[in-house]
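Notes follow the structure.
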Amino acid sequence: MCYVNEPFNDTETESKWRTQGFDQKIFTGDLYDMRFEMPEWVAQFIPIVKLNYFSWSVYRMGPGRILPAHRDTYSRFCKIHNISNINDVIRYVIFLEDWQSGHYFEIENTPVVKWHAGQGVCWRGDTEHLAANLGFSDRFSLQLTGTL
């Protein structure tokens, strides 16, 4: 897969992180997404989540990457699908491998660790969450975004 890294798309939030002491050059993981051909195995998750107007991305978070607490804006998704209310958007994060030491996810101040491949979390709209990889191997997840 050919992963792409894009800068975090909310400059106000990134400025806040920097005033809090986060000084890394890259906050985001790497994406293999709808700009490329969808891997066949992604299709197995689509009937389970039952989303309309869905998009997908495989997210690779390398060791040392930290994505502090934030709220997704879904700007590209909302523009493509003409969605005006962010609360209509649902995000699923499905972990693609069993949890490894140092891999971390948190949603609404609730830590998520010790997951098994295929397990995940979901939320609606601009729910606060964060992710980090303080381990020694890449952390892979599948992000499915859509509406019900």
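Read-outs: derived from the displayed coordinates by stated rules, not from any lab. Treat the numbers as computed from the prediction; the structure is a model and nothing was measured. When we count neighbours, we look across all protein chains shown, and the Cβ atoms used for this are built from the backbone with ideal geometry, even at glycine.
Report the far tail of the P(r) of the chain, meaning the percent of Cα-Cα pairs longer than 24 Å.
Result for the distance tail: 30 percent.
What nm distance separates the two modelled labels at C122 and M1, each placed 7 Å from Cα along Cα→Cβ?
My value for the distance between the label points is 2.0 nm.
Which peptide among 140-148, 123-131 comes first, and what is the full order, when sorted by highest mean count of other Cβ atoms within 10 Å?
Ranking the peptides 140-148, 123-131 by packing returns 140-148, 123-131.
Enumerate by residue number the GluC sites (Glu not before Pro) in the range 1-103 meeting two conditions: DSSP loop (anything except H, G, I, E, B), and at most 11 other Cβ atoms within 10 Å of the site's Cβ.
Taking the range 1-103 and a limit of 11 other Cβ atoms within 10 Å, the loop GluC sites (Glu not before Pro) found are E37.
Name the residues whose placed amide hydrogens come within less than 5 Å of the amide hydrogen of Y104, ignoring near sequence neighbours (fewer than 5 apart) on the same chain.
A132, L134
Hey, any idea what Rg/Rh is for the range 84-148, computing Rh the Kirkwood way over Cα pairs? Write down the numbers at each step before the final one.
Working: Rg = 12.4 Å, Rh = 12.4 Å.
My calculation puts Rg/Rh at 1.00.
Divide by every residue of the chain the summed helix terms, -39500 (n - 2.57) for each DSSP H run of at least 4, and state the resulting mean residue ellipticity at 222 nm, rounded to the nearest 500 deg cm²/dmol.
Mean residue ellipticity, 222 nm, calculated: -3500 deg cm²/dmol.
Trypsin sites (Lys or Arg not before Pro), restricted to the range 27-81: which are DSSP loop and have at most 11 other Cβ atoms within 10 Å?
Within the range 27-81, the qualifying trypsin sites (Lys or Arg not before Pro) (loop, at most 11 other Cβ atoms within 10 Å) are R35, K50.
Could you work out how much longer the chain between N9 and D98 gets when fully extended? Use 0.36 nm per residue separation minus the Cα distance between them, nm to one decimal.
Stretched fully, the N9-D98 segment lengthens by 29.2 nm.
Whole-Hz ³J(HN,Hα) for each residue in the range 79-85, computed from phi via Karplus 6.51 cos²θ - 1.76 cosθ + 1.60 with θ = phi - 60°, x for glycine and proline: what do you get?
5, 4, 9, 6, 9, 9, 10
Hey, for a label at N87 modelled as a point 7 Å past Cα toward Cβ, could you say which residues of the range 118-148 have their backbone N under 13 Å away?
Of the residues in the range 118-148, 124-127 have backbone N under 13 Å from the label point off N87.
Could you work out the relative contact order of the range 1-98? I mean the mean sequence separation of Cα pairs under 8 Å and 6+ apart, divided by the number of residues, in percent.
Relative contact order here is 29 percent.
How large is the charge dipole for the range 4-147, taken about the Cα centre, if only the Cβ atoms of Lys, Arg (+1) and Asp, Glu (-1) carry charge, to the nearest 20 debye?
That gives the range 4-147 a dipole magnitude of about 80 debye.
In the range 52-118, which chymotrypsin sites (Phe, Trp or Tyr not before Pro) fall in coil by DSSP and have 14 or fewer other Cβ atoms within 10 Å?
Nothing satisfies the criteria.
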